[in-house]
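Asks: Mind having a look at this structure? Questions to follow.
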Amino acid sequence: MLEYDPHYPTILPVGIAVPLVLALNILIPILAIFVARRMTRLRWLPHAFAFLWVLFSAFTLATLALPAMAPGEEPGPGDGLLLLPVLGETPIVLFVYALTLFFPRLRGSATQQDRSATIR
């Protein structure tokens with residue numbers, strides 16, 4: 001898996017590309033949350049970058065780990081199966097990321113409603 005195969009030319013070996021993209025799909029949104037908390041302006045920018053990274057990570061993996069095909073060549077029967085772990089992880093990471101971003105806002109609005117009820 002980590003050896004170079006001249007008949008399967010890729011940018012990164014499959015054994016490095018898949019774990020790298022899977023790890024970055026988790027680490028980039030976490031980093032975006034911490035960076036956005038420290039920013040005073042444009043707090044949405046790290047979140048936009050993280051969302052786009054996770055959304056297009058399958059294309060990144062396809063670029064890194066799938067071979068370059070010659071014009072008359074056809075892909076092998078299992079070449080596309082390499083993308084399944086990332087395609088399965090993407091909606092899960094985006095859902096958890098959205099929950100992480102919106103939960104404090106929902107909790108804050110509920111606290112404000114409780115305060116307004118006690119003031120009346």
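Asks: Looking at region 1-75, which trypsin sites (Lys or Arg not before Pro) are DSSP coil and have at most 14 other C-beta atoms within 10 Å of their C-beta? Walk me through the intermediate numbers first.
Replies: Numbers: sites: ARG37, ARG38, ARG41, ARG43; in loops: ARG41, ARG43.
Within region 1-75, the qualifying trypsin sites (Lys or Arg not before Pro) (loop, at most 14 other Cβ atoms within 10 Å) are ARG41, ARG43.
Asks: So what J values fall out for region 50-63 if you push phi through Karplus, 6.51 cos²θ - 1.76 cosθ + 1.60 with θ = phi - 60°, rounded to Hz, Gly and Pro as x?
Replies: Computed from phi, the couplings for region 50-63 are 5, 4, 5, 4, 5, 5, 9, 5, 5, 5, 5, 5, 4, 5 Hz.
Quick note: the coordinates plus some simple rules give every number you see, no bench work behind them. A quick note: this is a predicted structure, and the numbers were derived from the prediction, not measured. Cβ atoms come from the backbone with ideal geometry, glycine included; neighbour counts cover every protein chain shown.
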